[in-house]
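The values are calculated or read from the model by the stated rules, or taken from the named source; none is laboratory data. It should be emphasised that the depicted structure is a prediction, and the values quoted were computed from it without experimental measurement. Positions of Cβ are backbone-derived with ideal geometry, glycine not excepted, and every protein chain shown enters the neighbour counts. Remember, those area values only see protein heavy atoms, side chains included, never the ligands or the DNA or RNA. Shrake-Rupley method; radii C 1.70, N 1.55, O 1.52, S 1.80 Å.
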Amino acid sequence: MAASVLRLSYPGRRWALTWIDGGSRPRSGTQTGPTSNWARGQSSVTQLSLHKAQKPRKGEHKWAAVVGLEIHAQISSNSKLFSGAQVCFAAPPNSLVSFFDASLPGTLPVLNRRCVEAAVMTGLALNCRINKRSLFDRKHYFYADLPAGYQITQQRLPIAAKGHLTYNTYTGKKRSQVTTKTVRIKQIQLEQDSGKSLHDDLRSQTLIDLNRAGVGLLEVVLEPDLCCGEEAAIAVRELQLILQALGTSQANMAEGQLRVDANISVHHPGEPLGVRTEVKNLNSFRFLAKAIDYEIQRQITELENGGEILNETRSFDYKLGCTMPMRDKEGKQDYRFMPEPNLPPLVLYDATSLPSDADSQQVINIDQLRDMLPELPSATRERLVQQYGMLPEHSFTLVNEVGLLEFFQSVIKETRAEPKKVTNWVLNTFLYYLKQQNLAVSESPVTPAALAELLDLLDSQAISSSAAKQVFEELWKGEGKTAAQIVSEQQLELMQDREALEQLCQATIDGHPQAVMDVKKRNPKAINKLIGLVRKASLSRADPTLIKEILEKKLSL
């Protein structure tokens, strides 16, 4: 019997969730790229929300996908995890390498306090249990970019465990239906990063840069509670926002500060889980979602054609839009985990266990760090809804778009306009212009002060809404003019002379008797036609509300 499966496809840069039946599935070996023509429906790239899928036909069996993630976040620290070497992106190769990073004999690790505090704060923000006693281990494997032949990590007893991450998806025609989901967190552990291998195909050489070797990482291990690439992308984006709010990681995926490994398997509901594959080093939300959903579809196609899934590591080729085998895991690698002999157990304290004579510089107080936690993204969204009366989906966009919340709050501080009007302009006009030109908020030619001045003019009824849009368009050109200067130069002020406006209304009435007759026949659209004619005669400088008032008075409505 042909089977059905939920599949996420990507028309351009948008996501859609669809059922695939046996007749529409590609055969083995066929590439299922990101622009498949059987995608139905689509949803916003920013909000990445799930759509309701079509139900499978009676008698068809569906597949269930299971996805777990291992997320590596680079800790925001001036120095590395166990050495005093500086941390700096894009520094000259091998310029930030200490003797310990190069694994010279006789060098010993010295634990970075900042990294421990970052791990504790992250664990608290993710509702984890903080272990007051955690251990460091050596994980042995041999790569050229790992000079010691082992990585110091926390496999057996990590610094935090058993937490959860909550994230929201928005569905429905108006994006107003909020679905809250939770993914369990198995553990958070401190570990070293490895160096970087640079492959020179022209000379058939591999060069090693150890600047990254020893940089502190937080490994966040999620339980396999996710079912598709879209959910994974939303969950990782929420984690990124939390890390950035805490200041524990900049989590810049473009600079490799947030990397994701995805473990994926498929099975029929009610049956044992299938053999999993691991897709390594996914460094963007788009590629994360694409890789997971391609791998889900690949496994289903392979199984339905009588093949088997290998327990292997794969990479994602973003140019081809597919995963490629790297190495198999059938002969399970023995990492020979052993206790790190050069580091004692990491002991943390809380208010109840802190010794009275303890030196605050020598111990880490969990409760003190808990008190230092900033407002987290979920709390920020709730505050925006309560404080400004905005819709939940609007708060979601403000928080998720990089720099947009700070822009919005700056405008709010500088304008007299109502928050609802500010929200409308920031999300509809400002964000639209940014998306049209593929700009970040930091690259906008319109500053918060400039938009605030424009909204003040609109709020004081010095200009009309249509004139305000003209002014914004001029501001976007970045010529250094203020909103007031543009209004003055282009004579966009609203007519303040009521007598002159009454004369324009009378002239319009006299010149369009048919429209006047339609108004008197109670045609609801006729009055709008007269308003438009008056505004045209006033060069769009007349207030539509005032025009309507004068027309209704003159026509005795």
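Here are a few things to note about the model shown:
- Charges were assigned to the Cβ only: +1 to each Lys and Arg, -1 to each Asp and Glu. The resulting dipole of the stretch 498-555 about its Cα centre is roughly 240 debye.
- Take every pair of alpha-carbon atoms less than 8 Å apart whose residues are at least six positions apart; their mean separation over the length of the chain yields a relative contact order of 12 percent.
- Each of Pro544, Ala515, Leu504 was placed along the dipole of the stretch 498-555 (beta-carbon charges, centred on the mean Cα), and the one lying farthest toward the positive end is Ala515.
- As a fraction of the 1.4 Å probe accessible area of the chain, surface on carbon and sulfur atoms comes out at 49 percent.
- Protection proxy ranking, highest mean first, for peptides 400-411, 71-82: 71-82, 400-411, where packing is the per-residue count of other beta-carbon atoms within 10 Å, averaged.
- Rolling a 1.4 Å probe across the protein heavy atoms gives the stretch 377-490 an accessible surface of 50 Å² per residue.
- Packing rank of 265-278, 147-160, where each peptide gets the mean count of other beta carbons within 10 Å, highest leading: 147-160, 265-278
- Where the stretch 174-296 is the region considered: accessible area per residue in Å², 1.4 Å probe: 39 Å²
- Here the ratio of the Cα radius of gyration of the stretch 134-252 to 2.2 N^0.38 Å is 1.37.
- Computed from backbone phi, the HN-Hα couplings of the stretch 195-206 come to x, 10, 9, 10, 8, 9, 5, 5, 9, 6, 10, 10 Hz, rounded to whole numbers (Karplus: 6.51 cos²θ - 1.76 cosθ + 1.60, θ = phi - 60°; Gly and Pro given as x).
- Take the Cα radius of gyration of the stretch 348-465 and divide it by 2.2 N^0.38 Å, N being the number of residues; the result is 1.52.
- Between 0 and 90 degrees, the angle of helix 544-554 with respect to the longest Cα principal axis of the chain falls at about 30 degrees.
- Sorted on the mean count of surrounding Cβ atoms within 10 Å across their residues, most packed first, peptides 116-123, 432-439 read 116-123, 432-439.
- Overall shape of the chain was characterised from the C-alpha gyration tensor. The equivalent ellipsoid obtained from it has semi-axes of 55, 32, 22 Å, in decreasing order.
- Antiparallel DSSP beta bridges within the stretch 64-339, percent to nearest 5: 95 percent
- Restricting the stretch 282-359 to trypsin sites (Lys or Arg not before Pro) in coil, as DSSP defines it, with at most 11 other Cβ within 10 Å: Lys319, Lys332, Arg336
- In this structure the amide hydrogen of Gln490, modeled in the peptide plane, comes within under 5 Å of no amide hydrogen from residues 5 or more places off or on another chain.
- Cα-based helix-to-principal-axis angle, 377-388 vs the chain, degrees rounded to 10: 20 degrees
- Quotient of C-alpha Rg and 2.2 N^0.38 Å, computed over the stretch 498-555: 0.98
- Here the stretch 135-191 is treated as an ellipsoid with the same Cα gyration tensor; its semi-axes, largest first and in whole Å, are 39, 15, 6.
- Compared with the dominant principal axis of the Cα atoms in the chain, helix 498-511 is inclined by about 70°.
- Of Lys420/Lys481; Lys196/Lys435; Lys139/Lys196; Lys290/Lys420; Lys469/Lys525, those spanning more than 29 Å from alpha-carbon to alpha-carbon: Lys196/Lys435; Lys290/Lys420
- The GluC sites (Glu not before Pro) found in the stretch 449-526 that occupy coil by DSSP, while having at most 10 further C-beta atoms within 10 Å, are Glu479.
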